[in-house]
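J.: Questions regarding the structure given below will be posed in turn.
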Amino acid sequence: MTTPWRLALFVLALIVLVPAVWHVALALPAFGAPTEQYGAAVNALLTATRHVTNMVAAVNFDVRGFDTLGEESMLVCAVTGAVVLLRGTRGESMTDRAGKIPGRAVAPRTDATVLVCRIAATLTLLFGVYMALHGTVTPGGGFQGGAIAGSSLMLLYLGEGYESWRRMVRSPALDVLEGGGAFVFVGAAAVPLMLGYALLQNVLPFGTPKDLYSGGLMVVANFAVGVSVAGSFGLLLLEFMEETRSPDSESMPDEED
Amino acid sequence: MSWLIGGAMVLAAIAGLAVVLSRDPSRQIYALAANGIVLTLLFFVLQAPDVALSELAVNTVITPLLFLVTLAAARINKARQ
Amino acid sequence: MSILPWLTAAWLFGIGVYGVVTSRHYVHLIGCLTVCQSATYLLLLSIGYWWGAGPPIFYDHPPGTPAVDPVLQALVLTDIVVGAAVTALLLVIALQVHKRRGTLDPQSLRPLRPSQ
């Protein structure tokens, strides 16, 4: 379908939908109305019953934990699909040594970049782990901590170069992180089922609020999701970077990227 | 504080327009990162710190980097052919 | 002011779809899809907002203080994860298209012509 036809269809859709959107925008409840019943009940009750202070993490991992189980499986499936698609055409010969791009002139990294990235990557990784563990106490949680830890892996690539990065961050380790995290989460969901309770029911002792260990099973789920998400993003970066390399050429030791 | 929320929403609309109007993908990456930062501020103003953290980590750092590596892989594959 | 969030969400979605319709590069198209997704984040969070309320974190305040809706924020968190996964998968598919057909222009890629 050529562009003029697509634009004509788009304008036609706009002519129909814009009055509808205007009508709906006027009919929706006013911006800033008080919280609805479900949210108000969660805000009022969950600190006393689950001993957590972060209501969003409590909703994500306890009240609506089944949805997070589905979301975690979807993330694992998406990353698996991406890896299968990329390795399917490239071949399964995943060597430990990074591939090279023959005939490409590279400029070495400046000292300032390397130093700043080394400091920043370490601090970011620590911050990500802190955020994932304290998900039930302060703003944060498994997914946020895992994404921050994943971005620390990328900062490491920025500072070190692809060759050194591949030596530090090995592909089997990322696979274990991603799959192991998802497995621990599914196990944390299945263990109450085997003990005779409902799925994802909080069977561990609840702990004290505002403490590191609070919320029972939520701490385990937070950490598992954080580890899995960090592994997912690292694996995605590794697969994408392998696409830019030719794995069957020899690596020259004095050439770096 | 209504001017803060209104201003942040107008900024988000402008940032979205900037992402669409930058046709060259290597320029669009910066627009995407700016869009992520503007949305992070908007979510922060709407009293949602968890969502703001998640948006910052994902849409400002990781997604533009994946875009950049995809563009590099496409260019290198074309040079190889 | 009270309908600005809904109109901003509709505007973001509209220009995202316009970007998809008139795109000349697949990676640019995926970026416009990101704009469409951000429209849903804005809509969900605006529904849950309460004038003068604080975030749903009760570390410093006791649990009785007014707080915005945490269920909608959990929905937006899931939405962001889904958006990231879909973007990554779409980028992989764009790379595969480039490897097979040599171009990333949607308007010069006709579907399934056997000679190309």
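Where a number appears in this text, it was derived from the coordinates with a stated rule and is not lab data. Just so it is clear, the model here is predicted, and its values are computed rather than measured. Here the Cβ is made from the backbone with ideal geometry for all residues, glycine too, and neighbour counts use every protein chain on show.
J.: Rounded to whole Å and sorted largest first, what semi-axes of the equivalent ellipsoid does the C-alpha gyration tensor of the range B:2-81 yield via the square root of 5 times each eigenvalue?
T.: Output for the range B:2-81: semi-axes of 30, 14, 5 Å.
J.: Looking only at other chains, what is the average number of their beta-carbon atoms within 10 angstrom of each beta-carbon in B:22-32?
T.: Per-residue shielding by partner chains comes out at 4.
J.: Next up: Could you state the per residue volume, in Å³, of the convex hull enclosing the Cα atoms of chain A?
T.: Convex hull of Cα atoms, per residue: 223 Å³.
J.: Mean separation of Cα pairs under 8 Å and 6+ residues apart, divided by the residue count of chain A: what relative contact order is that in percent?
T.: 27
J.: Using +1 on the beta carbon of Lys and Arg, -1 on that of Asp and Glu, and nothing else charged, what's the dipole of the range A:1-81 about the Cα centre, debye to 20?
T.: Charge dipole of the range A:1-81: 220 debye, to the nearest 20.
J.: Near the amide H of C:Gly54, under 5 Å away, which other amide H atoms are found, from residues 5 or more places off or on another chain, if H is placed in the peptide plane?
T.: C:Ala67, C:Val68
J.: Moving on to the next point. Going by how many other beta carbons lie within 10 Å of each one, how would you line up B:Asp24, B:Asp50, fewest first?
T.: Lowest to highest Cβ neighbour count: B:Asp24, B:Asp50.
J.: Further question: Where the eigenvalues come from the Cα gyration tensor of the range C:1-49, what are the semi-axes √(5λ) of the equivalent ellipsoid, largest first, in whole Å?
T.: 24, 10, 5
J.: What ³J(HN,Hα) values, in whole Hz, does the Karplus curve 6.51 cos²θ - 1.76 cosθ + 1.60 give for the range A:203-217 when θ = phi - 60°, with x put for Gly and Pro?
T.: Running phi through 6.51 cos²θ - 1.76 cosθ + 1.60 with θ = phi - 60° gives 9, 6, x, 6, x, 9, x, 6, 10, 5, 8, 8, x, x, 5 Hz.
J.: For chain A, set up a Gaussian network in which alpha carbons nearer than 10 Å are linked by springs, and say which option among A:Phe31, A:Phe66, A:Phe185 fluctuates the most.
T.: Of A:Phe31, A:Phe66, A:Phe185, the most mobile in the Gaussian network model is A:Phe31.
J.: To continue, here is another question. Which peptide among A:218-231, A:15-28 comes first, and what is the full order, when sorted by highest mean count of other Cβ atoms within 10 Å?
T.: A:218-231, A:15-28
J.: I've got another one for you. For a quick check, take a GNM of chain B with Cα springs below 10 Å and name the residue from B:Val45, B:Val58, B:Val20 with the largest mean-square fluctuation.
T.: For chain B, modelled as a Gaussian network with Cα springs under 10 Å, the answer is B:Val20.
J.: With a Cα-only, solvent-free Debye model of the range A:152-237, what are the log10 I(q)/I(0) values at q = 0.22 Å⁻¹?
T.: Relative scattering, expressed as log10 I(q)/I(0), comes to -0.96.
J.: Given labels modelled 7 Å from the Cα in the Cβ direction, how far is it in nm from A:Ser164 to A:Arg87?
T.: With each label placed 7 Å out from Cα toward Cβ, I get 2.8 nm.
J.: Follow-up. How high is the relative contact order of chain B, in percent, counting Cα pairs under 8 Å that sit 6 or more residues apart?
T.: 29
J.: Also: For A:Arg109 paired with C:Ile3, estimate the spin-label separation in nm (one decimal), with each label point 7 Å from Cα along the Cα-to-Cβ line.
T.: For A:Arg109 paired with C:Ile3, the spin-label model returns 5.3 nm.
J.: Also, I was wondering about something else. With no solvent and one point per C-alpha, what does the Debye sum give as log10 I(q)/I(0) for the range B:34-81 at q = 0.13, 0.15, 0.28 Å⁻¹?
T.: Per q value, in the given order, log10 I(q)/I(0) is -0.41, -0.48, -0.90.
J.: Kirkwood hydrodynamic radius for chain C: how many Å is it when counted over pairs of different Cα atoms?
T.: 16.9
J.: On the first, second and third principal axes, largest extent first, how far apart are the outermost C-alpha atoms of the protein assembly as shown in Å?
T.: Its Cα atoms span 66, 54, 46 Å along the three principal axes.
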